[in-house]
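Quick notes on the structure that follows.
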Amino acid sequence: MELIGTSSPNENTIIFDEAAYAVRQLSPDDLAAKRGDRFTITLFTNRYRPNHQITIRNNVDGWTRDIFGVYTFGGWNFTLERSNYPAGLEFKFVLDGQYWMEGNNLFVTNQFDHNFTDDPQQFPEIFNPTIIFPNAPSKFLHGYDNLRNEDGLSEQERFPGNRDQSILYDVIIIGSGMGGGILADALSDAERNIDVLVLDVGSLHTPTHLSNVYADWDEITNERQVGHYELEPGSNFLFGAQMALGGRSIYWSGIILRMQNWEYSYWPNSIQTFLQDEGGKGYERAEILMRKRKYLGQFQERVISRLKNRLPDLNIEDLPRSRHQPDLNAQNQIDSVLFNSTGVFSTADLLSDSKAFVGATGSENLTINLNHLVTEIKPNPDNPQEVQQVVCQDLASNTTRTYRGKVIVLAAGSVESPKIFQQSNLTDDSGKVGVGLTDHPYLFSSQYTIPRDNPLWGDLNHSKVLLWAGNASKNNYPFYAELLINPWYWTVRRADDDLWQRQPEELRTTQITMKFGFSNELVDDNWVRSQGTDLKAKIKVNNLFLSDQAKEQARLFRNRILDALEIPGDRNQGMGLAQHGGTINHSGGTLRIGSRGQGVVDENLRFHNYDNLYAADVSVFPYIPTANPSLTLGALALRLSDHLKTRFGL
């Protein structure tokens with residue numbers, strides 16, 4: 001870029017655009033872009049996808065500073081603030097932090113999005129100069145869009161890991177999310193030493209749940225989404241996986257619902273007994289671990305009291321959420337301040353806490369290797385009914401490593417766990433591995449405005465309430481209803497009050513909305529298939545479906561709530577059903593529990609064809625309940641820890 005002439009603040013600035021080889025004018029509006037206005041630079045490449053990394057270095061930020069982007073949908077995307085580059089920028093792409101692109105510097109303005117490629121045959125519509133890099137050492141390639149493998153001082157201090165491949169671990173757990181993280185902590189804290197290795201493809205994004213940190217956690221969640229599958233034509237499944245220490249548990253909304261009574265019949269009798277309070281108290285144990293919230297305040301009490309008085313035939317309670325409040329006693333009074341609140345539960349918290357302390361219940365029996373992509377599980381050549389080795393790509397050092405374990409647990413999620421099993425060429429008599437990927441449908445109501453003369457009015461009020469029919473069954477009001485008053489306070493943690501009290505009083509409103517969650521039997525026409533270790537899995541998922549009867553029952557239920565709270569609105573209005581096959585966050589069934597020949601794992605979550613291979617994620621669910629899966633998965637992980645402790649003689 002060459003400046004042709006200077007201008008007054010009210011005149012155009014003249015520049016020579018080297019990329020376009022033409023003279024251009026930048027108006028005062030061009031130069032005065034507002035903060036938040038953005039433009040993008042994209043380099044489309046298949047040759048240099050992750051685990052390679054492309055950055056930008058430029059004349060504005062400094063030629064020694066890397067500007068990082070994310071690899072999504074076939075290209076490295078760099079999103080830049082227009083206001084930071086009022087006259088554009090001169091730049092070059094850099095490969096793996098040391099290999100500069102060949103040729104002249106590039107120049108772009110801040111007015112448009114700009115596309116480049118290193119493969120003009122694949123992208124003939126891109127007319128910018130072809131990007132060429134000098135030969136660089138090869139790296140492992142994988143199919144994960146936006147997977148962030150960071151290996152800095154913070155990771156190495158707290159999670160140094162252990163690369164010694166001669167160690168025989170008692171248990172190797174693949175994945176550190178809700179299932180794998182809970183299991184790892186429970187086993188490594190056992191009275192007798194159980195040596196646990198956790199392998200996770202991600203790195204340390206945060207040591208705690210995002211709503212414990214700052215800012216708009218929905219936005220941060222979207223920024224950290226990993227695209228880890230391709231869709232079969234005709235499928236419409238939403239992205240949303242997170243790959244990091246703690247997995248999705250860092251980003252979940254904290255809802256910890258139990259299944260409804262009629263849903264237990266889908267599960268083996270031993271699991272039914274374990275979950276229930278009169279049996280193994282599995283749900284209660286998981287609620288204690290996840291810090292079930294005890295109190296949400298007087299406004300919440302008023303809402304629930306009013307609903308119970310006017311709808312006595314319904315079950316109505318606080319929407320149970322993971323919200324650590326250990327200083328409150330049973331009477332909701334301050335009782336102990338020995339432990340401050342840690343907010344929403346996550347396994348990143350759980351495992352970080354363990355690694356911060358020495359001793360048997362701390363880090364002594366727990367090893368966590370981050371940035372390890374598991375590609376294969378190998379059977380024992382001397383015993384085909386056992387697995388023995390886990391083969392990984394260490395993405396931080398570009399090294400293949402193999403670890404040995406007496407027990408191996410797949411806890412990588414409903415897509416990745418069956419993918420690893422399939423590409424390992426392991427035996428499955430049932431033919432069900434990867435079959436049945438299913439989410440549960442939701443109906444969403446409109447938002448309704450609470451009148452100012454209603455006693456529940458107040459823009460600073462907030463309530464989360466759970467309702468379900470007293471006689472609910474598979475065909476009779478088979479859903480949970482979540483009611484929210486002022487839903488924008490769903491996961492608020494704000495230090496700046498001005499962010500939430502911006503409206504003048506005369507413009508403030510109080511609104512209510514509802515969400516209805518249904519159960520879903522596994523859909524055997526849905527599937528997950530591995531396409532190889534260096535590619536994404538491919539999935540086929542049918543769109544979600546609800547019967548007209550179910551929709552009508554939800555509409556009538558919604559109307560009863562609106563009537564009880566005296567809120568106006570069109571009672572004939574329908575509700576919105578998500579027009580897609582779901583999201584990976586609640587989907588399961590790809591390693592379903594079932595009898596030999598009918599399911600992949602047994603009631604102890606052990607694979608039928610292997611004596612020492614287990615699963616501990618939502619893939620084991622034999623059906624998808626009305627409840628969010630986190631509490632049930634947490635309880636199953638605790639049950640598996642009990643089983644493995646018994647196996648090790650504890």
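A few comments on the model shown:
- Segment 170-263: GluC sites (Glu not before Pro) in DSSP coil with no more than 13 other Cβ atoms inside 10 Å: 191
- Order of 626, 513 - criterion: other Cβ atoms within 10 Å of each residue's Cβ, fewest first: 513, 626
- Neighbour-count ranking [beta-carbon atoms within 10 angstrom, fewest first] of 459, 313, 617, 119: 313, 119, 459, 617
- For segment 148-220, chymotrypsin sites (Phe, Trp or Tyr not before Pro) are listed when DSSP marks them as loop and at most 13 other Cβ atoms sit within 10 Å of their Cβ; the list is 214.
- Mean Cα-pair separation over length for the chain, i.e. relative contact order, pairs under 8 Å, 6 or more apart, %: 16
- Between residue 506 and residue 547, the modelled label-to-label distance comes to 5.3 nm, taking each label 7 Å out from Cα in the direction of the beta carbon.
- Values [x] 0.99; [y] 1.02; [z] 0.96 are given for comparison; Rg/Rh (Cα atoms, Kirkwood Rh), derived from the coordinates here, is the one labelled [x].
- Gain upon complete extension [residue 611, residue 596; 0.36 nm per residue less C-alpha separation]: 4.1 nm
- Ranked by how many other Cβ atoms sit within 10 Å of their own Cβ, fewest first, the residues 630, 446 fall in the order 446, 630.
- Here the dipole of the chain is about 1300 debye; that uses its Cα centre as origin and unit charges on the Cβ of Lys and Arg (positive) and Asp and Glu (negative).
- Residue 587 sits among other residues whose Cβ lies under 11 Å from its own Cβ, and their net charge, with Lys and Arg +1 and Asp and Glu -1, is -2.
- For segment 338-469: Kirkwood Rh in Å [reciprocal of mean 1/r, alpha carbons]: 20.4
- Anisotropy class of segment 137-268 from Cα gyration tensor, a/c 1.5 cut: rounded
- Separation in nanometres of the label points that stand 7 Å from Cα toward Cβ, at residue 306 and residue 84: 4.7
- Separation of the residue 386 and residue 360 label points, Cα + 7 Å toward Cβ, nm: 2.6
- Residue-span extension gain [residue 398 to residue 166] - 0.36 nm each, minus C-alpha spacing: 81.6 nm
- Among beta bridges that DSSP assigns inside the chain, antiparallel share in %, nearest 5: 75
- Ellipticity at 222 nm from helices only: DSSP H runs of n ≥ 4 in the chain, each -39500 (n - 2.57), divided by the residue count, give -5000 deg cm²/dmol.
- Neighbour net charge for residue 229 - beta-carbon separation under 13 angstrom, K R +1, D E -1: +1
- Neighbourhood charge, 12 Å Cβ-Cβ cut-off, centred on residue 556 and excluding it, Lys, Arg +1 and Asp, Glu -1: +3
No lab work stands behind these numbers, since they all come straight from the coordinates. Keep in mind the model is a prediction, meaning the values are calculated, not measured. Cβ coordinates were reconstructed from backbone atoms using ideal geometry, including for glycine residues, and neighbour counts include every protein chain displayed.
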